[in-house]
Amino acid sequence: MSGALLQGILEHMAIVSIAILISTVVGVIFGVISYWVRFLDSVILGISEILQTIPSLALLALLMIIFGLGNITIIIGLVLYALLPIVRNTYTGLKAVSPHLKDAARGMGMSKMQRLFKIEIPLSFPLIFSGIKIALVNSLSVAVMGVLIGANGLGTIIYRGIQSRNMETILMGAIPVVVMALAFDFGMSKIEKRLIKRAK
Amino acid sequence: MIKFENISKSYGQTAILKNISFEIKQGEFVVLIGPSGCGKTTTLKTINRLIEPNDGKIFINGKDITKENPVELRRTIGYVIQQIGLFPNMTVEQNISVVPRLLKYPKQKCKEIVQDLLKLVDMPYEENAHKYPSELSGGQQQRIGVLRALAASPPIILMDEPFGALDPLTRDTLQEEIKQIQKKLKKTIVFVTHDMDEALSLADTIIFMDKGKIIQMASPEEMLQNPGAPIIKSFLSKQIDNGSNGNGSQKLFAEDFMRTKVLKVPKTSRTLECIKLMSSRDVNSLVVINEDDTYLGTVTIEKIKEQGQPGKEIADLVTAEVITVGRKEAAQVAFDKLLSSESSYVIVLNDNQTVAGLITRTSMAKALGEALWGEVQ
Ligand SMILES: Nc1ncnc2c1ncn2[C@@H]1O[C@H](COP(=O)(O)OP(=O)(O)O)[C@@H](O)[C@H]1O
Ligand SMILES: [Mg+2]
């Protein structure tokens, strides 16, 4: 049984990590585009917001129709779901960099890309990181629903427990999800605080 | 070196710069001055193309700057802004070497540049290079801001009210330093300020602007003798009203020109607290007083560093090198003493030998200006 648990935890982690990795890259890129292209910001932020308001079950069902059953589908669902906090925080962070620093960077002769990578992203990093944290913690619980569309992870254990009305099995799947979510929230909040303090 | 030809700039219907033309020579220290909102910053930013004019041309060394790539152009022009603008995510060393790194100088060369520049302002490399801007005092930060502008040896440096946010003592020191640097490195500097004292003590040429136009372009001496317009006079007399006294120049005393904000410490202070105080207030010497508040002497940071021992009282390190004057001595006497003295200030004493204030070279320049425009109202 403990072998199944370990496997569930590892699968769960793998699915969530892959999804967060992808949505970090995509989210930061979209955040930068909204920051650079004035009229696109409301479009991109609007779409990410709509994605998040779709109930997760409905979103997963829709995705299942397109992508079929399996891990890929839950990963895509998690990516879409995690986009909003990352896009929004990237955008807000970039906007909030002091105009004097942007001016100084431009005046020193930095190109747009150099300003982004040397000044603007490093200075908004605490906020971007906080977006990633929110996305990750959310994804850990949403990923449980992967079992309904044929994905692996701790959801399978919980589901098995429900079907056999075995409370013990349900808890065995549910507790690790809660513990992981709390642990990541705690650890990443600590890092976040340190990042903010260092930025001051 | 820099030539403006009929430059105009407007935002919508509002004209900000109206047909501005002037020429700046190589190695000249030019100060742009005028009331707030008159277009000084806008003028400055057209030089490195942070702002593009609607009309007219700017030439640098005969070349039309619109023909150059703006990013590359900016790397050849130093830029210092009022809000300091050091990048908080970079160390002092990284900040200073921003432009050299953009220009892909080799690593070793960048490091040498940083070392040489820090030496220029007496901030030891080992002690400062790896600090972040937030760990420095305001004055030190702006020194680094100036060094960053110098790093790739640009022939031209633009400075937009660089010392505006600093306290007066620190500002004096930095003005002195920038003047020295300019003489030593022979840069062409365009410097924006709204402080006439600063303009007078720094400029080779002052450009006075109002409402987007140049009202007068002249040397400080000429502007003193012949203010070109009523607004210039009133700008000058405003400075005078801020001064201490409007008496005729023959009745002026040392006390009329002294600064009363003096950093005093008792002779029982410990070396460490003195060093802390000096670095937090950005000065390199302190006035030391006896228990009864009477003047004892001064102590410099060099002296403490050379001979001081941690935790010891500073009494042994005090010297009487700095000249003192009585507050009722004639201003002229005080100025003569200051001019012939090695130090950058003289100390003014009350009759009971307590410290009343001090006169720096800048307060002297200001006094001379006031004496000249005393009758202007
Ligand atoms: N981006 C802008 N849009 C509209 N007006 C501006 C803009 N930038 C500056 N101004 C206006 O131009 C005038 C001159 O500004 P500035 O050159 O910064 O003045 P100064 O540096 O002399 O105080 C001010 O009245 C300011 O409000
Ligand atoms: Mg300005």
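Every listed requirement among (1) more than 9 Å from chain A (Cβ to nearest Cβ); (2) surrounded by fewer than 17 Cβ atoms within 10 Å (Cβ to Cβ); (3) assigned to a helix (DSSP H, G or I) is met by B:LYS131 save one, (3).
The test for being assigned to a helix (DSSP H, G or I), free of Cβ contacts under 8 Å to residues at least 60 places away in the same chain, within 14 Å of chain B (Cβ to nearest Cβ) and farther than 20 Å from A:ILE20 by Cα does not hold for A:LYS193.
Restricting B:GLY37, B:GLY85, B:GLY27 to those that are within 16 Å of ligand 2 (Cβ to nearest atom) and open to solvent by 10 Å² or more (accessible area, probe 1.4 Å) reduces the list to B:GLY37.
Of the residues that make up the range A:74-90, is at least one assigned to a loop (DSSP other than H, G, I, E, B), more than 14 Å from chain B (Cβ to nearest Cβ) and over 12 Å from the mean Cα position of the chain (by Cα)? No, every residue in the range A:74-90 fails to be assigned to a loop (DSSP other than H, G, I, E, B), more than 14 Å from chain B (Cβ to nearest Cβ) and over 12 Å from the mean Cα position of the chain (by Cα). Inclusion of B:GLY139 among residues that are assigned by TED's automatic domain parsing to the domain that holds B:SER201 and within 16 Å of ligand 1 (Cβ to nearest atom) is not warranted.
State whether the residues of the range B:76-92 include one that is part of a strand (DSSP E or B), within 14 Å of chain A (Cβ to nearest Cβ) and within 16 Å of ligand 1 (Cβ to nearest atom). Yes; the residues of the range B:76-92 include at least one that is part of a strand (DSSP E or B), within 14 Å of chain A (Cβ to nearest Cβ) and within 16 Å of ligand 1 (Cβ to nearest atom).
Restricting the search to the range B:332-354, which residues are β-branched (Val, Ile, Thr) and under 13 Å from B:ALA320 (Cα atoms)? Answer for the range B:332-354, where residues must be β-branched (Val, Ile, Thr) and under 13 Å from B:ALA320 (Cα atoms): B:VAL346, B:ILE347.
Conditions (1) assigned by TED's automatic domain parsing to the domain that holds B:LEU263; (2) touching a residue at least 12 places away in the same chain (Cβ under 8 Å); (3) away from ligand 1 (no atom under 16 Å from the Cβ), marked per residue:
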position	(1), (2), (3)
B:PRO124	no, no, yes
B:GLY164	no, yes, no
B:PRO168	no, yes, yes
B:GLU176	no, yes, yes
B:SER201	no, yes, yes
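Cβ-Cβ contacts under 9 Å between residues 6 or more apart (or on different chains), taken from a first residue in the range A:100-128 that is more than 8 Å from chain B (Cβ to nearest Cβ) and in a helix (DSSP H, G or I) to a second residue that is of a type in the set (S, T, N, Q) and surrounded by fewer than 21 Cβ atoms within 10 Å (Cβ to Cβ), are listed as A:SER124/A:THR92; A:PHE125/B:ASN89; A:LEU127/A:THR92. Among the residues of the range B:28-70, those identified as within 13 Å of ligand 1 (Cβ to nearest atom) and either part of a helix (DSSP H, G or I) or within 14 Å of chain A (Cβ to nearest Cβ) (or both) are B:LYS40, B:THR41, B:THR42, B:THR43, B:LEU44, B:LYS45, B:THR46, B:ILE47, B:LEU50, B:ILE51, B:GLU52.
The values are calculated or read from the model by the stated rules, or taken from the named source; none is laboratory data. Quantities reported herein were computed from a predicted structural model and do not represent experimental measurements. Cβ sites come from the backbone with ideal geometry, for glycine too, and all protein chains shown count toward neighbours. Accessible surface is based on the protein model in full, side chains and every heavy atom, while ligands, DNA and RNA are left aside. Shrake-Rupley method; radii C 1.70, N 1.55, O 1.52, S 1.80 Å.
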